[in-house]
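Asks: This is the structure, below, for whatever I ask next.
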Amino acid sequence: MAEYLKRGASLEAKASADSKVRDTVERILADIERRGDAAVRELSNRFDNWDRESYRLTPDEIQQCIDRLKPQDLHDIRFAQEQVRNFAQIQRDSMRDVEVETLPGVVLGHRNLPLNAAGCYVPGGKYPLLASAHMSVITAKVAGVPRVVTCAPPFKGKPAPAIVAAQAMAGADEIYCLGGIQAVAAMGLGTETIAPVDILVGPGNAFVAEAKRQLFGRVGIDLFAGPTETLVIADESVDGELCATDLLGQAEHGPDSPAVLLTTSEKLARDTMKEIERLLLVLPTAEHARAAWETYGEVILAEDDAEMVRIADDIASEHVQVMTHDPDYFLNNMTNYGALFLGPRTNVSYGDKVIGTNHTLPTRKAARYTGGLWVGKFIKTCTYQKVLTDEASTLIGEYCSRLCALEGFAGHGEQANIRVRRYGGREVPYAGAAQPTAATLAGA
């Protein structure tokens, strides 16, 4: 049976925090829906101390941001975007339109249709997370979305040059320097100056995630992408320094980012906790990382790999770093995770920044029912049917008529019966209780 050497915050504490966020977001969304741009401007001033005539960046402003970056910076962004675009294109190529004759004269098919407009949120209040621009904008463009809108908050009182450059280089059609709930609401609901989108994607803080959740239904969303989560599964094949580094490397996202070590080695568990304390003395982002570790960090000691799989599937973490003797055991047996990082040579940061897989991933156990952002999130798979012959319509119609009668759907049944009469030349009674006369139909 698993033993907890360190536990994180209780479910009650998390629920209380969620309730406060939910109420705040609900109030703000209602205000933006009612007052549009005026509410957005007030919120931008209040939360980001940021105001300007238009939050949309001009082509000159975008180019100025690009020009501020070093040639090596631009080269690195291009390299990362090439990796993301390549994998997204591989995913898109795996999605095929189909059309098949399932019975003589009956043709069924589906088409993969891109959405018309996507809104991509790029977080950047604490750190200029330019990688989120690659993950959302490029993926949408590879899917074929014609209008891609991006919003990112100001960084230190102005647009973050690296984020703006990444958005532009990825192919964004409209770039806004706007953050938080107000950015998500502006894209999702629309204002006088920002046309609404069909889907909202991208990670963000708890308020951004909750705004997306509350807007779901009005627009689509990619997934519930809340505070970053990381789970390190390890055994004695690695050391405490490596595990501590991988835990704190994600805990630095913010004070509400869970970081969990799951291991079969008590020695490794205790070494990792010691290394975490050592690294927190030198890590430049220790303020956020320490708060996350102390409040949400956990260390779990399991009996064997099978128990680690069971625990990991229950946690359903966003990121799962596997450093064991046999990482493929977890690839072959785990079912609930956002993304797996297998072996000590890879890590979550590779996936976050450059390797090519998408870093927008499910959190808060959403990995039980969804994967991460990919081209398929920007595509509707829509079916169609054609019946080409009288014989086919008659065959399907007779089955349909009898099945409708089982359900008591007379109107549905008559849709089938009229075709059996017309295309099959068969006398089929009206699907209602009694055959209507011409006078009855005329009176109706």
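Asks: How big is the antiparallel share of DSSP beta bridges in the chain, given as a percent to the nearest 5? Intermediate values should be presented prior to the final figure.
Replies: Values: 19 of 52 bridges.
Bridges in the chain are about 35 percent antiparallel.
Asks: Ordering Val238, Val208 by how much accessible area each has at a 1.4 Å probe, largest first, what is the list?
Replies: On the way: Val238 25, Val208 0 Å².
Greatest to least solvent exposure: Val238, Val208.
Asks: Select from Thr264, Thr58, Thr139 the residue whose mean-square fluctuation is largest in a Gaussian network model of the chain (Cα-Cα springs shorter than 10 Å).
Replies: Thr58
Asks: Still on this structure: Would you mind checking Lys70/Lys377; Lys158/Lys212; Lys353/Lys377; Lys126/Lys365 for any pair whose Cα atoms are more than 32 angstrom apart?
Replies: Details: Lys70/Lys377 34 Å; Lys158/Lys212 25 Å; Lys353/Lys377 20 Å; Lys126/Lys365 25 Å.
The pairs that break the limit, which is 32 Å between Cα atoms, are Lys70/Lys377.
Asks: Still on this structure, please answer the following. With n ≥ 4 as the cut-off for DSSP H runs, can you work out [θ] at 222 nm for the chain, using -39500 (n - 2.57) per run divided by the number of residues, rounded to the nearest 500? List each step's numbers first, then the result.
Replies: Values: 17 runs with 206 residues, N = 444.
Counting only the DSSP helices, I get -14500 deg cm²/dmol.
Asks: Report which label in (1) 21; (2) 30; (3) 7 holds the value of percent of Cα pairs over 42 Å apart derived from the coordinates of this structure.
Replies: Given (1) 21; (2) 30; (3) 7, the structure-derived one carries the label (2).
Asks: Based on the mean of other Cβ atoms within 10 Å per residue, sort peptides 162-170, 333-341, 49-57 so the most packed one is first.
Replies: On the way: 162-170: 25.8, 333-341: 19.8, 49-57: 14.7.
Highest-to-lowest ranking by the protection proxy: 162-170, 333-341, 49-57.
Asks: Hey, quick one: spin label on Asp73, modelled 7 Å out along Cα-Cβ, who in region 158-191 has an amide N within reach, i.e. under 17 Å?
Replies: 158-170
Asks: Per residue, how much accessible surface does the chain expose to a 1.4 Å probe? Answer in Å², no decimals. Please report the intermediate quantities before stating the final value.
Replies: Values: 21820 Å² over 444 residues.
Value returned for the chain: 49 Å² of accessible area per residue.
Asks: Further question: Which trypsin sites (Lys or Arg not before Pro) does region 155-244 hold that lie in a coil by DSSP with at most 10 other beta carbons within 10 Å? Display every interim value, and only then the final one.
Replies: Details: sites: Lys156, Lys212, Arg213, Arg218; in loops: Lys156, Arg218.
Answer in residue order: Lys156.
Asks: Could you put His412, His288 in order of accessible surface area, largest first, with the 1.4 Å probe and the full protein assembly present? Working shown, then result.
Replies: Values: His412 95, His288 45 Å².
Accessible-area ranking of His412, His288, largest first: His412, His288.
Asks: Another question, if that's okay. Under 14 Å from the Cα of Lys380, which aspartates and glutamates turn up, not counting those fewer than eight places away in the same chain?
Replies: Within the straight-line limit of under 14 Å, Lys380 reaches these aspartates and glutamates: Asp97, Asp198, Asp222.
Asks: Quick check: at a probe of 1.4 Å, how many percent of the accessible area of the chain sits on carbon and sulfur atoms?
Replies: Numbers: 11490 of 21820 Å².
Solvent-exposed carbon and sulfur of the chain make up 53 percent of the total.
Asks: Hey, what do the phi angles of region 72-80 turn into as Karplus ³J(HN,Hα) couplings, whole Hz, using 6.51/-1.76/1.60 and θ = phi - 60°, x for Gly and Pro?
Replies: Rounded to whole hertz, the list is 5, 4, 5, 4, 5, 5, 4, 4, 4.
Asks: Taking 56 Å as R0, compute the FRET efficiency from the Cβ-Cβ separation of Tyr4 and Thr383 and round it to 0.05.
Replies: Values: r = 48 Å, r/R0 = 0.86.
Plugging the Cβ-Cβ distance into 1/(1 + (r/R0)^6) gives 0.70.
Asks: Listed highest first by mean packing, meaning other Cβ atoms within 10 Å per residue, what order do 350-356, 319-325 come in? Display every interim value, and only then the final one.
Replies: Working: 350-356: 18.3, 319-325: 23.4.
Listed from highest to lowest mean packing, they are 319-325, 350-356.
The values are calculated or read from the model by the stated rules, or taken from the named source; none is laboratory data. Source: prediction; values computed, not measured. Note: ideal-geometry Cβ built from the backbone for every residue, glycine included; neighbour counts use all protein chains shown. Only protein heavy atoms, including side chains, enter the accessible area calculation; ligands, DNA and RNA are left aside. Shrake-Rupley method; radii C 1.70, N 1.55, O 1.52, S 1.80 Å.
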